[in-house]
C-alpha cells in the first residue's frame, strides 16, 4: 500500500511556450516516488482554474507534498522558488483575464508573503553536488500564474508546497533531464518531510 500522495503540476501552453517544458517534464515522472502515488495534473494558465482546481486537489488527495512546475524563459537551471506574494498579479492569463480580486490571489489568507517551508537551499546544493542538471534558488517567482499557484498552495500548507521553474526545452536540458532533476528535488523534499 502506498505511503500517500504527491501532487505534481505542470502548466499548459501560453505565449511563446506552445509546448510547455513544465508539463513535458512532469509527464515523464514515474507513477510512484519512494512509496508515494504521484498525481500529475496539467494546469491551464488561468487564474480562475487555479482558484477552482488547486484547493480541490488538496482536498481530494490529502498530499504529503505538492510540487508545482512552470517554465521560465530566463531560467537556464532548475530554479527553486522561496516565497510567493498575495498581490501584484497584473498580467492577463491565456483567457485575457486578471484574478477575480483585481491583482490579489484569491486564496483565503491574510499574509502578504508566504515563505516556502521546504529548505530549498539544501536541495539546490544537493543537486549541484550530485547531478548533471544544475539548480539555483530564487526570491522572485514572477507575479504571474506560477507565483499565483504557489501562493495558493502555500496558503493551504507552507511546509508541503513548493515551486520549480524549469528552462525551455533544449536550453540546455531535454525533457527527460528536467524530469530527472525534478524527481531528485521531490526525493529531497520527501526526506526533509520525514525528518520533521
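Some observations on this one:
For (1) under 23 Å from residue 6 (Cα atoms); (2) surrounded by 17 or more Cβ atoms within 10 Å (Cβ to Cβ); (3) in contact with a strand residue (DSSP E or B) (Cβ under 9 Å, 6 or more places away or on another chain), each residue gets a yes or a no:
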position	(1), (2), (3)
91	no, no, no
112	no, no, yes
123	yes, yes, yes
139	no, no, yes
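- Residues in segment 1-23 that are within 26 Å of residue 190 (Cα to Cα) and part of a strand (DSSP E or B): 4, 5, 6, 7, 8, 9, 10, 11.
- Residue 101 fulfils the conditions (1) surrounded by fewer than 17 Cβ atoms within 10 Å (Cβ to Cβ); (2) closer than 11 Å to residue 82 by Cβ except for a single criterion, (2).
- Criterion (within 13 Å of the chain's Cα centre (by Cα) and in a strand (DSSP E or B)) met by exactly one of 38, 26, 69: 69
- Residue within segment 41-50 that is free of Cβ contacts under 8 Å to residues at least 40 places away in the same chain, within 13 Å of the chain's Cα centre (by Cα) and more than 22 Å from residue 171 (Cβ to Cβ) present: yes
- Strands (runs of 3 or more DSSP E) wholly inside segment 87-196 that include at least 3 residues being over 20 Å from residue 34 (Cα atoms) and in contact (Cβ under 8 Å) with a residue 12 or more places away in the chain: 113-115, 135-138
- Annotation: residue 48 fulfils all but one of (1) surrounded by 15 or more Cβ atoms within 10 Å (Cβ to Cβ); (2) out of contact with any strand residue (DSSP E or B) (no Cβ under 8 Å at 6 or more places or on another chain); the unmet one is (1).
Computed from the coordinates by the stated procedures, all read-outs in this text should not be read as laboratory data. Computed from a prediction, not measured in an experiment: that's the story for all the values here. As a convention, Cβ positions derive from the backbone with ideal geometry for all residues, glycine included, and neighbour counts pool all protein chains shown.
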